[in-house]
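Student: Could you have a look at this structure, given as structure tokens, before my questions?
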Amino acid sequence: VTRAQRTFIQCSADERERLLREFEANDATDAFNMVRDFTYEAYYSHPRVLAALEKDTGWSSSSPTRGSAMRPFDSSSLERVRSLPPRWRRA
Amino acid sequence: MSAADLPEVLVVGSGAAGAAVSLRLAELGAKVVCLEQGDWIDRTKLPKAHLDWEVRGRRHWAANPNVRRWPADYPVASGGENPVDIYMYNAVGGSTIGFAGNYWRLAPSDFRVQSLDGAGVDWPLTYENLAPYYTMNEAITGVAGLAGDPCGPPRDPLPLPPAPLGRPGELLRQGYERLGWYWWPTEQAIVTAPYAGRADCDNRGWCGFGCPHGSLSTVDVSYWPRALKSGVELQTNARVREITLAADGRASGVLYYDESGAIQERHASVVVVACGGLGTPRLLMLSSSSKHPEGLANSSGLVGKNLMTHVQSFAVGLFDDPVEGWQGTWGGTVSTRQFYETDTARDYVRGFVMSGCRGWSPLNLALQVAPWGSGHHAALDARLNHEVVMYLCGEDLPEESNQVVLDWEHLDRFGLPGVGTHYALSENSKRLGSDMIGHAHQVLQAAGAGSVRDFGLSPIWGWHLLGTARMGSDPQTSVVDGSHRAHDVPNLYIVDGSSMPTSGGVNPTATIQALALRCADQIWKQRREL
């Protein structure tokens, strides 16, 4: 950033990635991993990001806080297993 | 304090076992006081009450106390060839407040491991001894499931119907059907219909990150309301420092720090230690004296030894179509005990279960598979809502070298030592684990997964901390007898995960609570001689 005479945000995407890769390669203190984890945490808790994910992948990030109706269990699917012999040992 | 003020029973720890032994004794008529080093959970702070629940789950709610650092936590250190990542909570409800509710009974063979398979040790009780207490516990807890699994003995019906399989479970079910294997809906400590004044599950998923709906049967919502109504006195923020002894060698009560840090003393006729697989040996070792230089109730030398964690892993299948992995009880799909019993054709003894879960959530998955940089979004989008997760859990046999010790280099806020764990996977566990992971790949491929990844066997996940004050008939090879009574101290009982002589191959909470209910009955029967 000092070499570029600009703030990190003012750098281009390619420059930012290059600077971060330098940071990662030369980090002896685990600081990069901390920055990376905090960045992921901030990004993946932002409502706009979560909304975009739901649109793109179908993953509903609001479901864990909102909930939905639970359907009943269908026990008819157990017909084959119910017919199998016991599989446990007497002791 | 007059004799009339003495609590008949003093229970240390309010988790799965402490809650159960307290409730049962109170309902039998005993005067019970329970001391808990933590506090009630503020349910408005449960991660899943908030949209940023994943971040809260990694920080404020982190399962490792060294990360979470709540006031009641004490330091835990991990060493050995396969260090254990310790997961535990110090609060009303103990570690159940962070569990996902997978709820298994042991099998009859789990109680006769030495006799049947020539490994580990036998328990001083049988499945039949414990079965009525499993049933009692399932009714108090509110357990969902279905009787009739041919992989277990006949059993009483469960109080609530199973959760639906959902799309991930249906895919796994199809895989099992194609392989011709056994499968069954997973039993869970989750209220799937209105029950005992509690609301039915509303499918939020990610159960280990708190259930704002109160449907997950953590003992702060299942046992404790009933225990308090039954007259149990629960004192929070009470960190027990040591168990005190009378001149005759009997336990006389405890010394503990209150919230302000002041030392308090509490007397009792009977003391029950229920502090979990790490907390219990810690307290017994802290209670050393000239008569018990290696720790209280430790004439066998086995306090803190034989730590078992289970052999655990995850296997994850990638499917072409969306799997709707974002909803439903986390552990509530299908499980198999196809490989639970020892098979002499395999190169290890004992066995394992495989339980279907759902899919990973965005942050969790991004940290796993999406490297930062220009390829990040493509890597995440390829897997999010396309992965089905299986939890794998196998038996871990007792090894004396796997142990818990006091760690005087890391102290809690009262100046008491933390704990250190030393752990290595045995050769049997490594072989079992390798076979377990291989079979999980087989199921996921049969279910239609295009590729499968797994988490291997390391690090060791320390959810299930067992065996460190085990029960047995021989005082030379166990800490407590078959009624959980310490061999060395006649009015001291120990009941929690530490009591289990062997681990079985399933999540242990149901067994811990059944043991605690049975322990309460044993105390009640023996009360005249205590």
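Read-outs throughout are calculated quantities, based only on the coordinates presented, and are distinct from any laboratory measurement. What you see is a predicted model; the values in this text were computed from it and never measured. Every residue, glycine among them, receives a Cβ derived from its backbone with ideal geometry; neighbour counts consider all protein chains shown.
Student: Please work out if B:GLY467 is touching a helix residue (DSSP H, G or I) at 6+ places or on another chain (Cβ under 8 Å), on the phi > 0 side of the Ramachandran plot and either touching a residue at least 60 places away in the same chain (Cβ under 8 Å) or surrounded by fewer than 17 Cβ atoms within 10 Å (Cβ to Cβ) (or both).
Tutor: Yes, satisfied.
Student: What's the number of the only condition in (1) within 14 Å of chain A (Cβ to nearest Cβ); (2) part of a loop (DSSP other than H, G, I, E, B) that B:ALA247 fails to meet?
Tutor: (1)
Student: A follow-up question, please. Go through (1) free of Cβ contacts under 8 Å to residues at least 12 places away in the same chain; (2) facing another protein chain (nearest Cβ under 10 Å) and name the single condition B:ASP200 misses.
Tutor: All conditions pass for B:ASP200, except number (1).
Student: Looking at the stretch B:500-530 only, could you name the residues that are small (Gly, Ala, Ser) and not in a helix (DSSP H, G or I)?
Tutor: Answer for the stretch B:500-530, where residues must be small (Gly, Ala, Ser) and not in a helix (DSSP H, G or I): B:SER503, B:GLY504, B:GLY505.
Student: I'd like to check something: does the stretch B:262-273 contain any residue that is assigned to a loop (DSSP other than H, G, I, E, B) and among the basic types (Lys, Arg)?
Tutor: Looking for residues that are assigned to a loop (DSSP other than H, G, I, E, B) and among the basic types (Lys, Arg), one finds none in the stretch B:262-273, hence no.
Student: Tell me, yes or no, whether the stretch B:482-495 has at least one residue that is touching a residue at least 40 places away in the same chain (Cβ under 8 Å), hydrophobic (A, V, I, L, M, F, W, C) and under 25 Å from B:TYR391 (Cβ atoms).
Tutor: No, there is no match, as no residue in the stretch B:482-495 is touching a residue at least 40 places away in the same chain (Cβ under 8 Å), hydrophobic (A, V, I, L, M, F, W, C) and under 25 Å from B:TYR391 (Cβ atoms).
Student: Could you figure out which of (1) part of a helix (DSSP H, G or I); (2) surrounded by 17 or more Cβ atoms within 10 Å (Cβ to Cβ) isn't true of B:LEU51?
Tutor: (1)
Student: Here is a follow-up. Does B:VAL303 fit the bill of being touching a strand residue (DSSP E or B) at 6+ places or on another chain (Cβ under 8 Å) and crowded, with 23+ Cβ neighbours inside 10 Å?
Tutor: No, not satisfied.
Student: Only one of (1) of a type in the set (S, T, N, Q); (2) more than 19 Å from B:GLY13 (Cα to Cα); (3) crowded, with 17+ Cβ neighbours inside 10 Å fails for B:SER252. Which number is that?
Tutor: Tallying (1) of a type in the set (S, T, N, Q); (2) more than 19 Å from B:GLY13 (Cα to Cα); (3) crowded, with 17+ Cβ neighbours inside 10 Å, B:SER252 fails exactly one: (2).
Student: Give me a count of the residues in the stretch A:28-56 that are facing chain B (nearest Cβ under 8 Å), within 19 Å of B:PRO371 (Cβ to Cβ) and either exposed (fewer than 12 other Cβ atoms within 10 Å of the Cβ) or acidic (Asp, Glu) (or both).
Tutor: Selection size over the stretch A:28-56: 3.
Student: Do we have B:ARG173 as of a type in the set (D, E, K, R) and closer than 22 Å to B:CYS357 by Cβ here?
Tutor: It is true that B:ARG173 is of a type in the set (D, E, K, R) and closer than 22 Å to B:CYS357 by Cβ.
Residue-wise test of (1) without any contact (Cβ under 8 Å) to a residue 24 or more places away in the chain; (2) out of contact with any His (no Cβ under 8 Å at 6 or more places or on another chain); (3) over 30 Å from A:ARG71 (Cβ atoms).
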{"position": "B:GLU259", "(1), (2), (3)": "yes, yes, yes"}
{"position": "B:ALA262", "(1), (2), (3)": "yes, yes, yes"}
{"position": "B:HIS267", "(1), (2), (3)": "no, yes, yes"}
{"position": "B:GLY276", "(1), (2), (3)": "no, yes, yes"}
{"position": "B:GLY279", "(1), (2), (3)": "no, yes, yes"}
{"position": "B:MET285", "(1), (2), (3)": "no, yes, yes"}
{"position": "B:VAL316", "(1), (2), (3)": "no, yes, no"}
{"position": "B:GLU324", "(1), (2), (3)": "no, yes, no"}
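Student: A follow-up question, please. Just to be sure I understand, how many residues within the stretch B:78-119 are crowded, with 24+ Cβ neighbours inside 10 Å, within 13 Å of chain A (Cβ to nearest Cβ) and either among the basic types (Lys, Arg) or farther than 19 Å from B:VAL353 by Cα (or both)?
Tutor: Counting residues in the stretch B:78-119 that are crowded, with 24+ Cβ neighbours inside 10 Å, within 13 Å of chain A (Cβ to nearest Cβ) and either among the basic types (Lys, Arg) or farther than 19 Å from B:VAL353 by Cα (or both) gives 1.
Student: Have a look at B:PRO164, B:PRO159 and point out the one that is over 22 Å from the mean Cα position of the chain (by Cα) and more than 20 Å from B:SER499 (Cβ to Cβ).
Tutor: The match here is B:PRO164.
Student: List, please: which pairs have Cβ atoms under 7 Å, are six or more places apart or on different chains, and start with a residue in the stretch B:209-233 that is surrounded by fewer than 24 Cβ atoms within 10 Å (Cβ to Cβ) and end with one that is part of a helix (DSSP H, G or I) and acidic (Asp, Glu)?
Tutor: Cβ pairs passing all conditions: B:SER230/B:GLU27.
Student: Could I ask something else about it? Tally the residues that are under 26 Å from the mean Cα position of the chain (by Cα) and on the phi > 0 side of the Ramachandran plot, restricting the search to the stretch B:428-463.
Tutor: Matching residues across the stretch B:428-463 total 1.
Student: Out of the residues in the stretch B:152-181 that are among the aliphatic types (A, V, I, L, M), more than 7 Å from chain A (Cβ to nearest Cβ) and farther than 13 Å from B:VAL388 by Cβ, which is surrounded by the fewest Cβ atoms within 10 Å (Cβ to Cβ)?
Tutor: B:LEU179
Student: Looking at the stretch A:70-91 only, could you name the residues that are more than 7 Å from chain B (Cβ to nearest Cβ) and under 23 Å from B:GLY328 (Cα atoms)?
Tutor: A:ASP74, A:SER76, A:LEU78
Student: In this structure, is B:ALA370 of a type in the set (A, V, I, L, M), over 22 Å from B:VAL443 (Cβ atoms) and in contact with a Leu (Cβ under 7 Å, 6 or more places away or on another chain)?
Tutor: Spelling it out, B:ALA370 is indeed of a type in the set (A, V, I, L, M), over 22 Å from B:VAL443 (Cβ atoms) and in contact with a Leu (Cβ under 7 Å, 6 or more places away or on another chain).
Student: Under 7 Å between Cβ atoms, at least 6 apart or on separate chains: pull out the pairs that start in the stretch B:29-52 with a residue that is within 14 Å of another protein chain (Cβ to nearest Cβ) and end on any residue that is β-branched (Val, Ile, Thr) and outside any strand (DSSP E or B).
Tutor: B:LYS48/A:THR65; B:ALA49/A:THR65; B:HIS50/A:THR65; B:LEU51/A:THR65
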